1. For segment 53-67, name all the residues that are within 19 Å of residue 142 (Cα to Cα) and surrounded by 11 or more Cβ atoms within 10 Å (Cβ to Cβ).
2. Please work out which one of (1) closer than 17 Å to residue 96 by Cα; (2) at pLDDT below 95; (3) surrounded by fewer than 16 Cβ atoms within 10 Å (Cβ to Cβ) is the condition residue 27 fails and give its number.
3. Quick one: how many residues across segment 114-135 are crowded, with 16+ Cβ neighbours inside 10 Å, within 25 Å of residue 4 (Cβ to Cβ) and in contact (Cβ under 8 Å) with a residue 40 or more places away in the chain?
4. Out of all the residues in segment 48-59, is one or more at pLDDT 95 or above and within 30 Å of residue 145 (Cα to Cα)?
5. Pairs only if they're at least six apart or on different chains, beta carbon under 6 angstrom, first in segment 45-56 and free of Cβ contacts under 8 Å to residues at least 60 places away in the same chain, second surrounded by 18 or more Cβ atoms within 10 Å (Cβ to Cβ) and in a loop (DSSP other than H, G, I, E, B); list them, first residue then second.
6. Looking at the structure I just gave you, is residue 139 surrounded by 14 or more Cβ atoms within 10 Å (Cβ to Cβ), closer than 20 Å to residue 22 by Cβ and in contact (Cβ under 8 Å) with a residue 40 or more places away in the chain?
7. When you scan segment 40-47, do you find a residue that is under 22 Å from residue 126 (Cα atoms), touching a strand residue (DSSP E or B) at 6+ places or on another chain (Cβ under 9 Å) and surrounded by 15 or more Cβ atoms within 10 Å (Cβ to Cβ), even just one?
């Protein structure tokens with residue numbers, strides 16, 4: 001349970017950071033970054049181009065998730081746990097971006113969808129099902145003794161996600177930030193911090 005709570009907290013914080021970076025426009029749509037998206041690549045990624053932003057952020061997170069290997073000897077069991085958490089993180093973090101983004105919310109996400117998720121199943125991107133399956137597979141292949149722990153973690157993440165959706169529907173992302181215009185810029189709901197004279 002505690003790994004599920006910890007992972008959820010990390011996912012929620014990552015989502016909030018990305019909401020402030022990307023605004024309304026996901027998948028780095030309006031960020032000053034390079035994009036790689038030939039048709040063969042888009043067919044492999046459910047319509048998402050590779051961006052510099054995502055390449056470097058994902059690489060950074062991959063290293064962060066592997067930090068335990070600095071202190072532990074390498075084993076396939078540890079690697080399986082790390083990869084399992086990494087892939088589960090990608091799913092929960094991404095969904096929290098939609099849940100808490102003032103321009104999106106769950107209703108719009110389920111009914112309209114996002115251009116960077118071409119294929120959907122039961123209202124959710126197939127990428128989510130794939131990520132959860134890969135997470136489970138990493139545990140099943142490399143540390144099958146942890147399957148019960150993985151199931152408890154997944155249940156905790158599902159419960160925390162449900163609670164987050166309920167909280168966002170009451171509080172809403174707009175409580176912390178209000179829309180200024182349609183270009184994805186936000187203005188803090190609180191007054192700006194005054195700068196001290198230098």
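The values are calculated or read from the model by the stated rules, or taken from the named source; none is laboratory data. This is a predicted model, so every value here is computed, not measured. Every residue, glycine as well, gets a Cβ built from its backbone with ideal geometry; the counts of neighbours run over all protein chains shown.
1. Within segment 53-67, 62, 65, 66 meet the criteria.
2. Single failed check for residue 27: (3).
3. Final tally of qualifying residues: 7.
4. yes
5. 51/28; 53/28
6. Spelling it out, it is not the case that residue 139 is surrounded by 14 or more Cβ atoms within 10 Å (Cβ to Cβ), closer than 20 Å to residue 22 by Cβ and in contact (Cβ under 8 Å) with a residue 40 or more places away in the chain.
7. Checked against the condition, which is being under 22 Å from residue 126 (Cα atoms), touching a strand residue (DSSP E or B) at 6+ places or on another chain (Cβ under 9 Å) and surrounded by 15 or more Cβ atoms within 10 Å (Cβ to Cβ), segment 40-47 yields at least one hit.
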